[in-house]
Amino acid sequence: MRLLLCLLLSGALALAGNLTDRFNLTTKRVLKDGPPVFDEKFVLADAAAKPGRRFTEFSGDVSGRYIGALAAASRQTGERYPVLDRIVTGAVKLQQPDGHFGAPMSTGKVLDSDMATLWGNGRMLIGLLEYYDLTHRPDALAAARKLGDFYVKAGPRFNSEEVRTAYNGEKFAVGYICWTNSLEGLVELYRLTKAEPYLTLAREIAARTDRHPSQHSHGFLTTVRGVVALYKVTGEKRYLEQAETEWQGVLDSGNVLVQGAVPEMFAPQIKRDEGCSEADWLRLSLELWDLTRRPKYMQQAQITLFNEISMNQFHTGDFGHHTLSDAGLVPPFAHAWWCCTFHGLRALAAVFQSVFHDQSGALLYDLPVDGRGTSAGLTIRADSSLERNASVQLSVLKADGKAHDLRVRVPEWATDVKLSLAGQPLKATVQDGYLSASRVWQTGDVVTATYALRTRLVKRGNDGRQAALFHGPWLLAVDETASPAYFDEPSNENKVELRETNGQLHLEPAALEPAAATGAPGRFAVPVARFRLKYLPGGYSMQPQTALLRPIAEYTSGPDANVLDFWLPLVPTSEGLDSNYRPK
Ligand SMILES: [Zn+2]
C-alpha cells in the first residue's frame, strides 16, 4: 500500500513528454554513456591542462561545463549525482596558487594560449557557482572567489584596447570572447558575495562587448547572457537595452537561419551550426522573454527549440555540429562532446523554467511542452503530446479552493487553441494573446489544450523559387534516409508542387497529404506533422513522385549522416497551376 502510494506520488510529480525525454537522453549520456565516457580522469584533464584528449588547453572547458550542466540537471530532477560531487572535489584540488586553472599564463605579450586558458576558466567560474548554488558547499564558493580574484587582477591587462583589437579579428576560438565569456560568472559571483570588485570588472567587460563578422557566435552570445545577468543584479536599464539591441542585431544581420539556428561563425562565414550557439540563443531569447514579455522572444525561442535544438541533438544524446548546405543540412557532422553536449543539456534544463509564469495571481502557460507551474494557490503540471495529437494536458496538482485564472498562450504557429475540461468545452476569454479561464480549480482537474496547427511557407531568394514549410512549430524537410529517390541526380532540378497565386504562397491540396499513419513512430517522431509531398523529379518529371516531408526534429532518432533538404524548389509562378505542368 505504501509502495503504491509512493508510485502514485512520484507519478504525480514526474514530468513526461518530448522535452523531458530529450533532457533525460542527454543527462544519461553525460552521466553514463559514451564514447567518450565522462569519468573523473577524462573530465579533469583540462583543469590540469594534461594531454590525452582534445582541447585540454582550454582549461576548465569540459570540467566547468560538466559541473554547471549537471548542477542544473540535478536541480531539475531533484537527484544528487555522487560523481559530480567527486569531480568538484577533484577540480578544487587542481586550482593554481594564483586562482586560475590550467597551465601557467604568460606575463608579457598576451598569447593565443592565454586566451584558450581564459576561455575554459570562464566556463569553470560559472560551473562552480551553479554547483555552489545547488549544494552550498563552501569549498566550491571559495574556489570561485579565488578564481574571481584572479580575474580582477588580470582585468587591466585584458581590458586593454591593444588586446581587444588584436583578438577581435580572425582569432575565432581564441578570440576576445575568451576573455568576455567570464561575464556571467563574475556577475553571479557578485550576486552571491556582494563584493564590489567583481561588479566593477563585470561592468568593464560589458562595455567591451561587441559583435563582428566571422565571430565565434557562442562566445558572443554567452557574453550577452552575461549582460542580461548584469541587468538582473543592478536593475540598470541600459544593460537590458544593450542585450535587446544585441539580440536584434544578430537577427537583423541574417545570423538566425530559418530553422532557428545561429551558425557557429557569424556571417559571412556561415558554414555549420553549433549546439552551444543554439543553446545560447535559446536561453537568451527565453531570458529576454522572462524580463520583457515581448512576444518576439518567445516566438524565436520556440522556432529554435522545436527545430534547431531538437535537430541538433544526436541519438546518443550528444549535441554538436552539422554542415549547412544551400538546401538544408549535409554530413559531415560532429558529436561535440567537448562543449555542445554539456551546453545543450544546460539549455534543456533552463527551458523548464520558462514553461509557465505567474502574474498577479494568474498562472500563465507559455511554452507548450512538459513542465510545472505554480502561482499562489495553484500548481499545475503540463504533459505535452503536441507531436502526437497537437494537445497538452494541464493537470491541477494543488488548488486552494479559491478562484484562479489559468491562461494559455496562443502561439504564432496556431490558428486557434481550444480548452476543454473533462471532455467538455471550457469557457475562456481571449486576452493579450492568451486564452483565459477562471474558476475554482479542484485537485485532479485536467484541462486539455488543443492547438490548430498553422501551415506556413517562408520564401527565399530574389526569384522566390525556394520555400521552407512549417506545420505548427515544426520546420519540415525531405531527408535522404526516408526518401532516397528524391536525392537522385539531378535532384537540383526537382520541383515540388507548392505554388504561388496572386502573390500569396499557398499549398496545392493534392501536393501535400498527411502521412501520419505511415510506419510506427520512433522515439522522437512527430507524426502530427508528417506529410506525403508530391514532386517532379529532375531527371524524369514525366513521372511525378512522392517523398516523406517530416519535421527536422525527427533527425534525433535517425542516422547521424542523414541529408535534410528543407529549402524546397517551387514550381515557377509563370508555369501556371494546371496539372499538365511540365518543366521547360
Ligand atoms: Zn559547442
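Before moving on, here are some points about what is shown:
- Cβ-Cβ distances below 9 Å connect the following pairs, each with a first residue in segment 220-241 that is in contact (Cβ under 8 Å) with a residue 40 or more places away in the chain, a second residue that is basic (Lys, Arg) and not in a helix (DSSP H, G or I), and a separation of six or more residues or different chains: PHE220/ARG211; VAL224/ARG211.
- Residues (surrounded by fewer than 18 Cβ atoms within 10 Å (Cβ to Cβ) and in contact with a Lys or Arg (Cβ under 7 Å, 6 or more places away or on another chain)) located in segment 363-380: ARG372, GLY377
- Residue in segment 532-539 that is assigned to a loop (DSSP other than H, G, I, E, B), at pLDDT 90 or above and open to solvent by 30 Å² or more (accessible area, probe 1.4 Å) present: yes
- Answer residue from segment 212-251, given it is aromatic (Phe, Trp, Tyr) and more than 23 Å from THR193 (Cβ to Cβ) and is nearest to the ligand (Cβ to nearest atom) among those: PHE220
- Those residues of segment 158-182 which are over 12 Å from ILE205 (Cα atoms) and among the polar types (S, T, N, Q), in sequence order: THR165, ASN168
- Screening the candidates LEU286, LEU305 for the property of being among the aliphatic types (A, V, I, L, M), away from the ligand (no atom under 16 Å from the Cβ), over 23 Å from ALA206 (Cβ atoms) and under 12 Å from the mean Cα position of the chain (by Cα) yields one hit, LEU305.
- Search result, residues across segment 540-564 that are crowded, with 24+ Cβ neighbours inside 10 Å and under 10 Å from MET311 (Cα atoms): PRO551, ILE552, ALA553, GLU554, TYR555
- Checked against the criteria, LEU257 counts as part of a loop (DSSP other than H, G, I, E, B), open to solvent by 10 Å² or more (accessible area, probe 1.4 Å) and in contact (Cβ under 8 Å) with a residue 24 or more places away in the chain.
- For segment 233-253, the criterion of being over 15 Å from VAL187 (Cα atoms), at pLDDT 95 or above and within 14 Å of the chain's Cα centre (by Cα) is met by no residue.
- Where SER325 falls short, out of the listed (1) away from the ligand (no atom under 16 Å from the Cβ); (2) under 30 Å from ALA399 (Cβ atoms): (2)
- Residue that is surrounded by the most Cβ atoms within 10 Å (Cβ to Cβ), among those in segment 309-322 that are within 14 Å of the ligand (Cβ to nearest atom) and of a type outside the set (A, V, I, L, M): ASN312
- Considering (1) open to solvent by 40 Å² or more (accessible area, probe 1.4 Å); (2) within 16 Å of the ligand (Cβ to nearest atom); (3) modelled with pLDDT of 95 or more, the lone condition that ILE177 does not fulfil carries the number (1).
- Selection count, segment 344-362, where residues are open to solvent by 10 Å² or more (accessible area, probe 1.4 Å) and in contact with a helix residue (DSSP H, G or I) (Cβ under 9 Å, 6 or more places away or on another chain): 5
- Checklist (1) open to solvent by 30 Å² or more (accessible area, probe 1.4 Å); (2) closer than 26 Å to PRO551 by Cα; (3) touching a helix residue (DSSP H, G or I) at 6+ places or on another chain (Cβ under 9 Å); (4) more than 16 Å from the ligand (Cβ to nearest atom) applied to TYR297, failing item: (1)
The values are calculated or read from the model by the stated rules, or taken from the named source; none is laboratory data. The model shown is predicted, which means the values in this text are computed figures rather than measured ones. Here the Cβ is made from the backbone with ideal geometry for all residues, glycine too, and neighbour counts use every protein chain on show. Only protein heavy atoms, including side chains, enter the accessible area calculation; ligands, DNA and RNA are left aside. Shrake-Rupley method; radii C 1.70, N 1.55, O 1.52, S 1.80 Å.
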